[in-house]
Amino acid sequence: RVSLQNSSYKGPYCYQKLKEREPRASIRFKCALANTILDVLRQRPGWVEVKEEGEWDFYWCDVRWLQENFDHTYMDEHVRICHFRNHYELTRKNYIVKNLKRFRKQLEREGAKQEAARCDFFPKTFEMPSEYHLFVEEFRKSPGITWIMKPVARSQGRGIFLFRKLKDIIDWRKDGARPDDQRDEIQVENYVAQRYIENPYLIGGRKFDLRVYVLVTSYIPLKAWLYRDGFARFSNTRFTLNCIDDQYVHLTNVAVQKTAPDYDPEKGCKWMIQQFRLYLTAKHGAEVVELLFAEMDNIFIKTLQSVQKVIISDKHCFELYGYDILVDQDLKPWLLEVNASPSLTASSQEDYKLKSRLLEDTLHIVDMEARLTGKEKRVGGFDLMWNDGPVSRADGNVDSPGNGSFMANTHLGIWTQTRESHPGLSRVGRLGPRGKGELGRGAI
């Protein structure tokens, strides 16, 4: 049950001890979005949609509701919402830079220099306008290279532009925001200036980035799941540095690419991440590709660790993040950004299927129905990659990377084998040949 603040309310993190609840006959949900997630929630057995001001058990809210209502809402023990209170520590472009820099310095102070060195996956970045003078110093060290300007709190490619001359920044500072057609939206807006990756890995001559899904159910202790599916998003136009003003060359966001004159909505601009992994394996060999994907795992874990002590870890909260990763010609992965509200609108039938499965599996892990034991290492397409420490693929407690035989429990881009149906979870399979603690799902 959820109600607005009342006289017995003690603040968002001082919950009264509640009696154990009897199993609920139904789960009441609200949803602020009208896309794939609403379809998935409506189709879930035993879940009932609540309109207007009705009491709810589960809310797929938007971040605006969170900002306006979270601190004034009393939640019973079982209630869940889909964002952490200050998720922006990870998902705003300027905050993630600050937190990663702080985390790296902390590791260095603690003598973990090797681990600190593994935080080098974020391009050199400056917050504007506050770090403008620091940026100018760096800019003058390497004249002629390309930089990219991004508004810290916008998405879908809005407000982004590339530049090579300080004059462009001087014009931007005078104008307030750029481009012109968006200038009236936000008069005063923070940006980040980030070194542009000028040597992206190309497939068919085109640039792409990867969208990968990570589900966090707790920050203290940190518990994170990595989804096996994801996709590569391609630009619609062949890559060149000769024209830095062409967004169809440099920005891979679907929201940008679908406005291209020759965009084909049937084909779209996406590859399943399994296709991408197969392509790289055929071209470079399995060992090289394993290393690339292990470095991506490192990005997911390090970023979450960097905000672990600043995110308010409320037991009512979970969050499904969309990580955007760019791979360069040396097969080094770079973190572009983390999204707190990754798009759940489908761009094709295949995209709809992927996102439907992703959301069903997310709900299985959030487990409003209390069906899981808490010992699962796999649920549907999700693999538990961190549980207050690294998780091993092997059974037992061999969960130490120092162990020579350690293999992380991540399977991003690996084809899933068909498994028989599990009677307790819709579209989730029973144990497959991998062993204990694993709930499988049908082949995708």
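The values are calculated or read from the model by the stated rules, or taken from the named source; none is laboratory data. Computed from a prediction, not measured in an experiment: that's the story for all the values here. Every residue, glycine as well, gets a Cβ built from its backbone with ideal geometry; the counts of neighbours run over all protein chains shown. The protein model used for the area step is the full one, side chains on, heavy atoms only, and it has no ligands, DNA or RNA in it. Shrake-Rupley method; radii C 1.70, N 1.55, O 1.52, S 1.80 Å.
Tabulated results
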| read-out | value |
| --- | --- |
| Considering residues of the stretch 44-57 that are out of contact with any helix residue (DSSP H, G or I) (no Cβ under 8 Å at 6 or more places or on another chain) and within 15 Å of residue 369 (Cα to Cα) only, the residue most open to solvent (accessible area, probe 1.4 Å) | 45 |
| Residues being in a loop (DSSP other than H, G, I, E, B) and either open to solvent by less than 40 Å² (accessible area, probe 1.4 Å) or more than 24 Å from residue 90 (Cβ to Cβ) (or both) - total across the stretch 58-72 | 1 |
| Residue that is surrounded by the most Cβ atoms within 10 Å (Cβ to Cβ) [pool: residues in the stretch 110-141 that are of a type in the set (S, T, N, Q) and under 20 Å from residue 334 (Cα atoms)] | 125 |
| Failed item in (1) within 17 Å of the chain's Cα centre (by Cα); (2) surrounded by 19 or more Cβ atoms within 10 Å (Cβ to Cβ); (3) over 17 Å from residue 226 (Cα atoms), with residue 347 passing the rest | (1) |
| Among the candidates 292, 215, 280, residue that is more than 20 Å from residue 197 (Cα to Cα) and either at pLDDT 95 or above or in contact with a strand residue (DSSP E or B) (Cβ under 8 Å, 6 or more places away or on another chain) (or both) | 215 |
| Tally, over the stretch 301-344, of residues that are open to solvent by less than 30 Å² (accessible area, probe 1.4 Å), part of a loop (DSSP other than H, G, I, E, B) and within 20 Å of residue 93 (Cβ to Cβ) | 3 |
| Which numbered condition residue 233 misses (of (1) out of contact with any helix residue (DSSP H, G or I) (no Cβ under 9 Å at 6 or more places or on another chain); (2) under 30 Å from residue 86 (Cβ atoms); (3) modelled with pLDDT under 95; (4) not acidic (Asp, Glu)) | (1) |
| Residue in the stretch 91-109 that is modelled with pLDDT of 95 or more, closer than 21 Å to residue 314 by Cβ, open to solvent by less than 30 Å² (accessible area, probe 1.4 Å) and not in a loop (DSSP other than H, G, I, E, B) present | yes |
| Criterion violated by residue 377 - all others in (1) open to solvent by 10 Å² or more (accessible area, probe 1.4 Å); (2) within 16 Å of residue 322 (Cβ to Cβ) satisfied | (2) |
| Residues that are open to solvent by 10 Å² or more (accessible area, probe 1.4 Å), over 23 Å from residue 320 (Cβ atoms), of a type outside the set (A, V, I, L, M, F, W, C) and in a strand (DSSP E or B), drawn from the stretch 200-242 | 206 |
| Positions within the stretch 217-244 being under 22 Å from residue 362 (Cα atoms), in contact with a Ser or Thr (Cβ under 9 Å, 6 or more places away or on another chain) and in contact (Cβ under 8 Å) with a residue 60 or more places away in the chain, in sequence order | 218, 219, 220, 221, 222, 223, 224, 225, 226, 227, 228, 229 |
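This table checks each residue for (1) at pLDDT 90 or above; (2) closer than 26 Å to residue 323 by Cα; (3) in a loop (DSSP other than H, G, I, E, B).
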| position | (1), (2), (3) |
| --- | --- |
| 51 | no, no, yes |
| 78 | yes, no, yes |
| 86 | yes, yes, yes |
| 115 | yes, yes, no |
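Yes/no per residue for (1) touching a Phe, Trp or Tyr at 6+ places or on another chain (Cβ under 8 Å); (2) touching a residue at least 24 places away in the same chain (Cβ under 8 Å):
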position	(1), (2)
290	no, no
307	yes, yes
310	no, yes
315	no, yes
336	no, yes
355	no, yes
383	yes, yes
